[in-house]
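Worksheet: the structure to be examined is printed underneath.
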Amino acid sequence: VFTGEALTDLDLAIEAYKEALRGQDLVGQGLATVFLQLGKVHAFRAVAVRSSSPGLSRIGADPVVQAMQYHFREAAWQFERYRTELADPPTASKKLLDVAVKLVKACDINVLERQHRSSLAASFAQHWGEDHEGPWIPLAQLEIYAARECSFHVMSSFSNGCEDVNCVYAALVQACTRLGQNKNNSENSLLGEWKIACEELLVGSDSLLRAKAHLMRASRAQEEQTKSDLTHDIDDVTETLSFLLHRALVICRLASASARQNHVLLETEDLNMPACYEVIDMYREAELVAESAEKAGVPGMAKGADIEMQCVAASFHAKMLTAVGRASEARAKHHSILTLALSLDPSTKGFDNPSGFLRDKQWFMESKLVVEAAQRVDREAEQKERREELKDLDDEIKGLQKARNAGSNKHGDDDPRPLLKYVFEKHHPIASVDPGIKKAISDGEPIKKVTFMKVMRLYHPDKLGSSPDRRTVLLYDEIVKLLNSIYEKNWK
């Protein structure tokens with residue numbers, strides 16, 4: 001743990017080791033040891049600089065950052081001198097790995113901000129890696145640490161958590177519909193926070209790629225210290241960072257599309273159709289990236305889709321299709337959203353009766369309303385068309401109804417025989433009829449349930465052949481309705 005005198009003590013140590021190097025009596029292992037110790041002191045001096053200023057968050061011309069970079073460069077140079085002077089790769093690898101482990105511990109204990117921990121480790125690894133010829137495992141460990149701390153920092157920066165898509169959806173809706181958006185306000189919004197997170201995660205992704213490259217070099221150089229553990233660590237960090245970066249990439253694309261939509265639909269007097277289609281393409285791109293992170297062009301991403309963000313992107317895509325008058329395409333898109341959303345909650349059997357989890361998703365309920373409204377319109381149109389078509393069958397329907405009424409019985413089971421005789425005489429089934437059915441109808445015994453069900457199957461639409469005319473289909477439907485009414489009363 002660095003105390004208040006850490007900077008002074010480390011500076012004195014640096015001067016002491018430099019003085020030792022000015023002497024002429026150091027050679028071989030003794031000289032290598034001084035190089036190693038001087039490098040360690042410079043590395044810890046860089047960490048101490050950052051730990052003494054935990055509130056700093058901006059990188060640039062800041063003297064604290066300049067000092068940190070200077071000490072890391074010096075540390076990297078001294079470690080290379082140590083490796084060269086020692087001329088014993090296995091021993092150098094073990095010692096430098098120990099330095100990396102201690103540096104990670106120093107960051108954990110003394111640096112409060114995870115973002116600063118990540119930048120410290122990544123900065124040192126990059127300085128150390130310039131013109132580096134091994135060992136590689138210490139560098140891999142630092143890069144993995146930098147990527148992990150980057151992920152942790154992003155996860156801790158969102159009060160509602162990175163998995164809360166409802167807040168993101170609400171922010172995107174607001175970005176689409178708010179007039180006179182202020183740039184500074186948008187930067188401080190949830191979408192602005194995700195933009196910053198995306199930039200950080202891209203840096204973390206670069207660290208992860210370098211870590212993987214270092215491990216490959218270590219494997220070729222047969223460096224085996226903790227290699228298997230680091231491989232497991234890389235897999236864990238890759239899974240977490242890929243999820244976060246994937247989501248951030250989609251949200252950033254949606255934020256840009258929503259801002260463009262706001263300008264095109266709300267801030268211009270005339271509807272600019274080419275600009276509208278540009279917005280549609282932006283939403284389509286976001287949808288594709290949500291479906292596969294590879295579409296974002298970021299190497300090293302774990303495969304898989306961000307299903308909920310894919311649904312969100314498709315929701316805005318569908319709304320823009322509606323805005324430009326492409327209602328049928330919008331409806332199909334909304335329906336695909338509902339189908340895809342079911343994979344988020346396997347307990348839900350259909351979108352018509354969603355679970356509480358899905359009912360809490362505004363994008364889901366909006367798509368559900370659109371699809372259900374369209375289905376109602378379809379049903380009404382079909383019913384209207386059917387009523388018009390049935391007018392041509394008015395005489396046949398009256399005859400069927402008369403035969404049905406002839407067998408009605410208010411005090412017991414209805415007699416199906418009048419209706420059955422009528423349909424066999426006037427509208428004989430297309431399929432062949434079992435002689436036993438005709439005999440049962442002509443006999444005086446009550447019609448059995450099994451016989452009646454055989455008759456019902458004869459008039460099922462499937463018995464009409466491959467291409468029945470519409471009139472015959474409607475007639476069979478009416479016959480089945482009347483047969484069903486008897487079945488419901490007598491045998492249900």
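The values are calculated or read from the model by the stated rules, or taken from the named source; none is laboratory data. Since the model is a prediction, treat every value here as computed from it, not as a measurement. Backbone-built Cβ (ideal geometry, glycine too); neighbour counts: all protein chains shown. Accessible surface areas use protein heavy atoms only, side chains included; no ligands, DNA or RNA. Shrake-Rupley method; radii C 1.70, N 1.55, O 1.52, S 1.80 Å.
Pairs meeting the criteria (first residue in segment 459-476 and touching a residue at least 40 places away in the same chain (Cβ under 8 Å) and open to solvent by 50 Å² or more (accessible area, probe 1.4 Å), second residue hydroxyl-bearing (Ser, Thr, Tyr) and not in a helix (DSSP H, G or I), beta carbons under 9 Å, at least 6 apart or on different chains) are lacking. Scanning segment 152-164 for residues that are within 25 Å of residue 287 (Cβ to Cβ) and buried (at least 19 other Cβ atoms within 10 Å of the Cβ) yields 154, 162. Among the residues of segment 26-47, some residue qualifies, meaning at least one is modelled with pLDDT under 85, exposed (fewer than 14 other Cβ atoms within 10 Å of the Cβ), of a type outside the set (D, E, K, R) and more than 30 Å from residue 196 (Cα to Cα). Residues in segment 416-428 that are surrounded by 18 or more Cβ atoms within 10 Å (Cβ to Cβ) and either touching a Leu at 6+ places or on another chain (Cβ under 8 Å) or free of Cβ contacts under 8 Å to residues at least 12 places away in the same chain (or both): 416, 419, 422, 423.
Does segment 344-361 hold any residues that are exposed (fewer than 12 other Cβ atoms within 10 Å of the Cβ) and in a helix (DSSP H, G or I), and which are they?
Residue satisfying the conditions is 356 alone.
Scanning segment 267-299 for residues that are surrounded by 15 or more Cβ atoms within 10 Å (Cβ to Cβ), in contact (Cβ under 8 Å) with a residue 24 or more places away in the chain, within 16 Å of residue 243 (Cα to Cα) and not hydrophobic (A, V, I, L, M, F, W, C) yields a total of 1. Of all residues in segment 317-343, those satisfying the criterion of being surrounded by 15 or more Cβ atoms within 10 Å (Cβ to Cβ) and of a type in the set (Val, Ile, Thr) are 322, 324, 337. Pairing each residue of segment 369-388 that is under 23 Å from residue 470 (Cβ atoms) with any residue that is open to solvent by less than 60 Å² (accessible area, probe 1.4 Å) and assigned to a helix (DSSP H, G or I), provided the two are 6+ apart or on different chains, yields C-beta distances under 9 Å for 386/474; 386/477. Among the residues of segment 267-304, those that are among the aliphatic types (A, V, I, L, M) and in a helix (DSSP H, G or I) comprise 273, 275, 279, 280, 282, 286, 288, 289, 290, 293, 296. Selection of segment 429-458 for residues being open to solvent by 100 Å² or more (accessible area, probe 1.4 Å) and in contact with a Gly (Cβ under 9 Å, 6 or more places away or on another chain) yields only 430.
Restricting attention to segment 87-109, the residues being in contact (Cβ under 8 Å) with a residue 24 or more places away in the chain and surrounded by fewer than 19 Cβ atoms within 10 Å (Cβ to Cβ) number 5. Residue selection: residue 314 satisfies the criterion of being buried (at least 20 other Cβ atoms within 10 Å of the Cβ), at pLDDT 95 or above and either in contact with a His (Cβ under 9 Å, 6 or more places away or on another chain) or not charged (D, E, K, R) (or both). Of the residues making up segment 191-214, those that are modelled with pLDDT of 85 or more, of a type outside the set (Ser, Thr, Tyr) and open to solvent by less than 50 Å² (accessible area, probe 1.4 Å) number 11.
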